[in-house]
Amino acid sequence: MDVKRVKDYVYWLYYQYLLITCSYVLEPWEQSMFHTITITVVAMVVYTAYVFVPIHVRLALEFFSQIFGAQPESTV
């Protein structure tokens with residue numbers, strides 16, 4: 001891929017982000033605070049999903065396998 005095209009695409013995505021969040025009207029210090037809070041919230045959501053979603057999927061699979069008559073695993 002062309003580096004200029006990738007760079008332009010990233011700039012376009014950032015501009016879309018500014019338009020959607022209406023943060024282009026904020027002052028620079030307000031923008032930095034807004035971006036910091038947004039990045040922190042997104043990071044916490046991603047971390048929580050990474051930690052807890054696999055556990056819940058495993059528990060749901062165990063639950064439905066018991067409901068639909070699968071044989072329990074032997075612990076002996």
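Every number in this text was worked out from the coordinates using simple rules, so none of it is lab data. Note that the coordinates shown come from a computational prediction; the quantities given were computed from them, not determined experimentally. Every residue, glycine as well, gets a Cβ built from its backbone with ideal geometry; the counts of neighbours run over all protein chains shown.
The table below gives the values:
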item: Estimated vicinal HN-Hα couplings, Hz - segment 5-20 in sequence order (Karplus 6.51, -1.76, 1.60; Gly, Pro = x); result: 5, 5, 4, 5, 5, 5, 4, 5, 4, 5, 5, 4, 4, 4, 5, 5
item: Backbone HN-Hα couplings from phi across segment 52-67 [Karplus 6.51/-1.76/1.60, Hz, Gly and Pro as x]; result: 9, 4, x, 5, 5, 5, 4, 5, 5, 5, 5, 4, 6, 5, 6, 5
item: Computed [θ] at 222 nm, helices only, for the chain once each DSSP H run of length n ≥ 4 contributes -39500 (n - 2.57); result: -28000 deg cm²/dmol
item: Restricting segment 1-75 to GluC sites (Glu not before Pro) in coil, as DSSP defines it, with at most 15 other Cβ within 10 Å; result: Glu73
item: Rounded FRET efficiency, nearest 0.05, which uses the C-beta distance separating Lys7 from Glu27 and R0 of 22 Å; result: 0.25
item: Over the chain: Kirkwood hydrodynamic radius from C-alpha pairwise inverse distances, Å; result: 16.9
